[in-house]
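To keep things clear, I will list the structure first and then write my remarks on it.
The values are calculated or read from the model by the stated rules, or taken from the named source; none is laboratory data. As the structure is a computational prediction, the values presented were derived from the model and not from experiment. Ideal geometry is used to build each Cβ from the backbone, glycine not excepted, and the neighbour counts take in all protein chains shown. Surface accessibility is based on the protein's heavy atoms, side chains included, excluding ligands, DNA and RNA. Shrake-Rupley method; radii C 1.70, N 1.55, O 1.52, S 1.80 Å.
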Amino acid sequence: MRETMKRCFAEKFGSEGDIRTYFAPGRVNLVGEHTDYNGGHVFPCALTIGTYMMARKREDRQLRFYSMNFEQVGMLESSLDEFVPGGEKSWIAYPKGVMWTFEQKGYPVTNGFDILLCGNIPNGSGLSSSASVETVTGVMLRDMFGYDALSNIDLALYGQYSENNYNGVNCGIMDQFAIAMGKKDHAIFLDTADLSYMYAPVKLENAKIVLASSNKKRGLGDSKYNERRSECESALAELQKVKDIKNLGELTSADFEEIKGVISSPIWARRAKHAVYENERTVRAVECLKKNNIAAFGQLMNESHISLRDDYEVTGKELDTLVEEAWKCEGVIGSRMTGAGFGGCTVSIVETEHVDAFVEKVGEAYEKKIGYAADFYIVDIGDGPVRF
Ligand code: GLA
């Protein structure tokens, strides 16, 4: 990867000067979906696939970007005097958004850059390629300008800030946190109410994490993501009239059942129900994993999918087909959609000896029903970002 990138950098920008290389992973969430903007728990992990960035400081304020993943787009040029929050049309919105955020937060970006990107996260798979680009940009800027006071958690928060304020997606903190704080062979049990977290080893004896990409394209900005978030806020505002809470993540399911009657819209009530139950499920799932009870963990993954399908309504026929076909296969411990939904990926835990049959059977059934193929990836849990 490094050699190919080096050649490409030399070709596009020249090979002289202080050229540095960085990496940030993608992420997959094992359980705890659409809880991170409701002050609930999530349980994601970083992957070994991700985004590589090669960068060199310039003497002027120009920005030049080239992505090996979008060669047809070619070189994109901009400058540090051309920030347009909410108005960028191409992928450079992600690195530029983070540069803009550094400026906003009092960490000036005083020089332009030549930047080459190359990622091996499948496009549109919902494995957080955008948060990966944001994080790798943050790591690059911190290193280039010596902003050592910034922790990886700060970089995660800056990535989220940039996504919210530069790119117009009201995402929570899960993706950027999972990426910036990733740890090999561990998932991160994060309480999004206060950002306290714990690493939990994921020791899968005789089983693999298999991702299935629906290949249904999804644009978070124009999807229903922001709508779901505001539906939860509306439910919360009504619940707050009868209970002193800051967010839905503070409610137990028993609390919720007692007071749910004050929610005026049945749709808002279902959204809130998902947020509350999913949060509890996540806490329980991590307990199961700690006790090495993978079967119970898998059962909770399945329940998570059902709730996302029926109450939160973010699955759609592509993700439902992948999961429902997975549930029929021998050796499947658990299967659910992962990430925002409306497309993207499912995550399944599958006994090693049954992985090949799983891929074949689910793949065949998917293509037959949906009309195009899904892609399957057996993934490993990796570390957070690095310069190398
Ligand atoms: C997207 C967002 C996250 C989170 C998930 C759903 O990935 O970026 O913040 O809300 O959806 O769990």
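Some points to look at:
- Of the numbered criteria (1) within 16 Å of the ligand (Cβ to nearest atom); (2) open to solvent by 10 Å² or more (accessible area, probe 1.4 Å); (3) modelled with pLDDT of 95 or more, the one C329 fails is (1).
- From the list L157, L150, the one residue that fits, being open to solvent by less than 40 Å² (accessible area, probe 1.4 Å) and away from the ligand (no atom under 11 Å from the Cβ), is L150.
- Selection status of L116, within 16 Å of the ligand (Cβ to nearest atom) and closer than 30 Å to C345 by Cα: no
- Taking residues in region 238-257 that are under 15 Å from V283 (Cα atoms), and partners anywhere that are open to solvent by 30 Å² or more (accessible area, probe 1.4 Å), the pairs with Cβ atoms closer than 6 Å and at least 6 places apart or on different chains are G249/A193; S253/Y277; S253/E280.
- Of all residues in region 1-28, those that are open to solvent by less than 10 Å² (accessible area, probe 1.4 Å) and hydrophobic (A, V, I, L, M, F, W, C) total 4.
- Of the candidates N170, N206, N165, N215, the single residue that is open to solvent by 40 Å² or more (accessible area, probe 1.4 Å), among the polar types (S, T, N, Q) and within 13 Å of the ligand (Cβ to nearest atom) is N170.
- Residue in region 176-191 that is out of contact with any strand residue (DSSP E or B) (no Cβ under 7 Å at 6 or more places or on another chain), over 30 Å from V359 (Cβ atoms) and among the charged types (D, E, K, R) present: no
- In region 184-198, the residue that is least open to solvent (accessible area, probe 1.4 Å) out of those that are touching a Cys at 6+ places or on another chain (Cβ under 8 Å) and not β-branched (V, I, T) is A187.
- Residue match in region 72-81 (condition: buried (at least 17 other Cβ atoms within 10 Å of the Cβ) and touching an Asp or Glu at 6+ places or on another chain (Cβ under 9 Å)): yes
- Any hit, region 333-356, residues being at pLDDT 95 or above, hydroxyl-bearing (S, T, Y) and open to solvent by 30 Å² or more (accessible area, probe 1.4 Å): yes
- When the residues of region 180-209 are filtered to those that are of a type in the set (D, E) and modelled with pLDDT of 95 or more, the one that is farthest from T51 (Cα to Cα) is D194.
- Condition check for L127: assigned to a loop (DSSP other than H, G, I, E, B), among the aliphatic types (A, V, I, L, M), out of contact with any Phe, Trp or Tyr (no Cβ under 6 Å at 6 or more places or on another chain) and open to solvent by less than 30 Å² (accessible area, probe 1.4 Å): yes
- Considering region 25-88, the qualifying strands (runs of 3 or more DSSP E), each wholly inside and each with 3 or more residues that are within 14 Å of the ligand (Cβ to nearest atom), run over 41-57.
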